[in-house]
Amino acid sequence: MSGVVTIVIVVLLVIAALLVVGLALLPRFRSRRLRDRFGPEYDRTVQESQNRRVAERELAEREKRHQQLELRTLPEDEKRRYELQWARVQEQFVDDPAGALTAADQLLTQVMKDRGYPSESYDQQLADLSVEHAEPLGQFRTAHDIAGRAERDEASTEDMRAAIVHYRKLFIDVLDGNPAHHAAQNK
């Protein structure tokens with residue numbers, strides 16, 4: 001009987017040890033999952049935060065909010081209409097680069113709204129987009145910054161050209177409903 005008790009005690013100790021190790025590794029797995037999901041946005045959020053735990057809590061809250069959104073895939077005819085509008089934005093760039101940036105930002109915001117993203121503020125747009133569109137988000141920030149400088153006549157034509165390219169990457173990503181991070185994971 002004492003052999004059975006010893007085996008039971010050993011089994012319980014092994015189970016307890018596995019639970020302790022599992023609980024110790026849980027934060028590491030969470031960090032890895034968030035890093036994989038958010039890509040460069042994870043690093044940016046950690047860098048701007050008080051510490052990693054605060055940043056990860058914020059990212060997890062973004063995921064929860066995103067799950068509540070009722071996102072929809074746009075029908076092909078709507079996508080084509082938006083693609084034509086984008087072509088006009090690019091044509092406008094030739095004669096009015098600053099105006100084209102404003103039009104690009106407005107068109108992107110409209111696509112986001114039609115897909116089901118709230119458009120209450122720029123910061124909220126960034127947070128909501130970061131969950132599924134983290135890869136082009138850094139470029140979107142850059143484009144938005146350049147557009148602001150262009151409104152104050154502080155951006156060169158080359159800066160504005162780069163901004164249009166940046167806007168286009170997020171525009172395509174949001175329009176297609178095919179997030180860049182999913183495409184990268186499927187490579």
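The values are calculated or read from the model by the stated rules, or taken from the named source; none is laboratory data. Note that the coordinates shown come from a computational prediction; the quantities given were computed from them, not determined experimentally. Please note: Cβ atoms are built from the backbone with ideal geometry, for glycine as well, and neighbour counts cover all protein chains shown. With ligands, DNA and RNA removed, areas are computed over all heavy atoms of the protein, side chains included. Shrake-Rupley method; radii C 1.70, N 1.55, O 1.52, S 1.80 Å.
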*asked:* Is there a quick way to get the dipole size of region 1-80? I mean about its Cα centre, with the Cβ of Lys and Arg at +1 and of Asp and Glu at -1; what is the value in debye to the nearest 20?
replied: 220 debye
*Diagonalise the Cα gyration tensor of region 31-181 and give the resulting equivalent ellipsoid semi-axes, square root of 5 times each eigenvalue, largest first, whole Å.*
27, 19, 12
_Charge context of GLU91, other residues only, Cβ under 15 angstrom, K/R +1, D/E -1_ = 0
*Whole-number D in µm²/s for region 1-109 (Stokes-Einstein; Kirkwood sum over Cα pairs; 25 °C, 0.890 mPa s)*: 127 µm²/s
*What FRET efficiency do you get for ALA16 and SER119 if R0 is 45 Å and r is their Cβ-Cβ distance, rounded to the nearest 0.05?*
0.30
*Hey, what number do you get for the chain at 222 nm if only DSSP H runs of n ≥ 4 count, each worth -39500 (n - 2.57), divided across all residues, to the nearest 500?*
-28500 deg cm²/dmol
*Got a sec? Which residues in region 92-116 would a label at THR157 touch, if it sits 7 Å along Cα→Cβ and we count backbone N under 11 Å?*
94-97
*asked:* Over the chain, with the other protein chains present, what is the accessible area per residue in square angstrom, probe 1.4 angstrom?
replied: 60 Å²
*Percent of accessible area on region 1-146 owned by carbon and sulfur, 1.4 Å probe?*
56 percent
_Give me the three principal axis extents of region 115-176 from the C-alpha atoms, as integers in angstrom, largest value leading._
33, 22, 16
